[in-house]
Amino acid sequence: YINASIHAINPYVLKSLPYDAVKDFTPIAELARGPLLFTVSNGVPAKSVREFVDLLKAQPQKYSFATSGFGAAGHLAIAMFRHRIGVDVPIVLYKGTGQALPDLIGGQVSAMIDPVLSSGPQVKSGKLRALAITSARRSAAYADVPTVAEAGMPELEFYSWYGLWGPANLPNAVVAKLESAAIGAVQSPVVRDKLSGLGFEPTGNPATEFSKFIAVEVAKYSRIIKEANIRSE
């Protein structure tokens, strides 16, 4: 099945799961990575991350963050940001981006860190202002938006990534066949152009690399959740 990075985050933020996120699945291929956009409503008088930090330190209760889901990539990025600046800015938990974005656009909440797929169109239309993108390099689709490293916070490099998993103990021959088909699809010009246009990086990494990547990401999630004291629901 195809799922996002939340597959690897859930074991750390949910009290119980009806499955083991590692033992019950076989990684087949990483498909794509999408950075997050650090956005603020147009009513927030900040044109950069540094200016926003200054506002938060001066009046932390005046501003708030929206998050589209407990334990989602954006929630962890916000938690890391708050930990980094040492300010307990309120976080408003929404049940999905569809609820969070209208309130952010309307100014009921001040900021959000959310995948480019959902927040990008709002930035392009001028409904939200992007302060930074959480990728290592600037995105061609958002060339004017600085990276988090350029904004002085390289530790906020963060991605919502997508992969293909199979059931546990999937035979190597089956893994190899599915891996080849998945990578071939991601590397096709049509798919690559579509993903790139949405702000995603088509990766198409094989099972061995995908497994190593998951291990690194899981370690990062575990550290962030511990440092930011995110409590399980």
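A few notes on this one:
- Estimated vicinal HN-Hα couplings, Hz - segment 187-192 in sequence order (Karplus 6.51, -1.76, 1.60; Gly, Pro = x): 7, 5, x, 5, 5, 4
- Each stretch of four or more DSSP H residues adds -39500 (n - 2.57); spread over every residue of the chain, this sum gives -12500 deg cm²/dmol at 222 nm.
- Across segment 21-30, rounded Karplus estimates of 3J(HN,Hα) from the backbone phi angles (6.51 cos²θ - 1.76 cosθ + 1.60, θ = phi - 60°) give 5, 9, 5, 8, 9, 10, x, 10, 6, 7 Hz, Gly and Pro being marked x.
- Other-chain or far-sequence residues with amide H under 5 Å of Thr203's (modelled H): Ala32, Arg33
- Under a 5 Å amide H cut-off, with hydrogens placed 1.01 Å from N, Asp114 pairs with Leu37, Thr39 among residues at least 5 apart or on other chains.
- With all protein chains kept in place, the per residue accessible area of segment 1-53 amounts to 44 square angstrom at a probe of 1.4 angstrom.
- Extension gain (nm, one decimal) between Lys177 and Asp20, 0.36 nm per residue minus Cα-Cα: 54.1 nm
- Taking Cα atoms only, the orientation of helix 49-58 departs from the longest principal axis of the chain by about 50 degrees.
- Cα pair distances exceeding 21 angstrom across the chain, given as percent: 57
- Using alpha-carbon coordinates, inclination of helix 73-85 to the longest axis of the chain, degrees: 50
- Annotation: extensible slack from Ala215 through Ser196 equals 4.3 nm (criterion: 0.36 nm per residue apart, minus Cα-Cα distance).
- Heavy-atom accessible surface of segment 138-233, averaged per residue, reaches 55 Å², computed with a 1.4 Å probe.
- Alpha-carbon gyration tensor eigenvalues x 5, square-rooted, for segment 1-65, Å: 37, 16, 8
- In the chain, the portion of solvent-accessible area held by carbon and sulfur atoms comes to 55 percent [1.4 Å probe, whole percent, DNA, RNA and ligands not counted].
The values are calculated or read from the model by the stated rules, or taken from the named source; none is laboratory data. Since the structure is predicted, the reported quantities are computational estimates derived from the model, not experimental observations. Ligands, DNA and RNA are stripped out before the accessible areas are found, and what is left, the full protein with its side chains, is counted by its heavy atoms. Shrake-Rupley method; radii C 1.70, N 1.55, O 1.52, S 1.80 Å.
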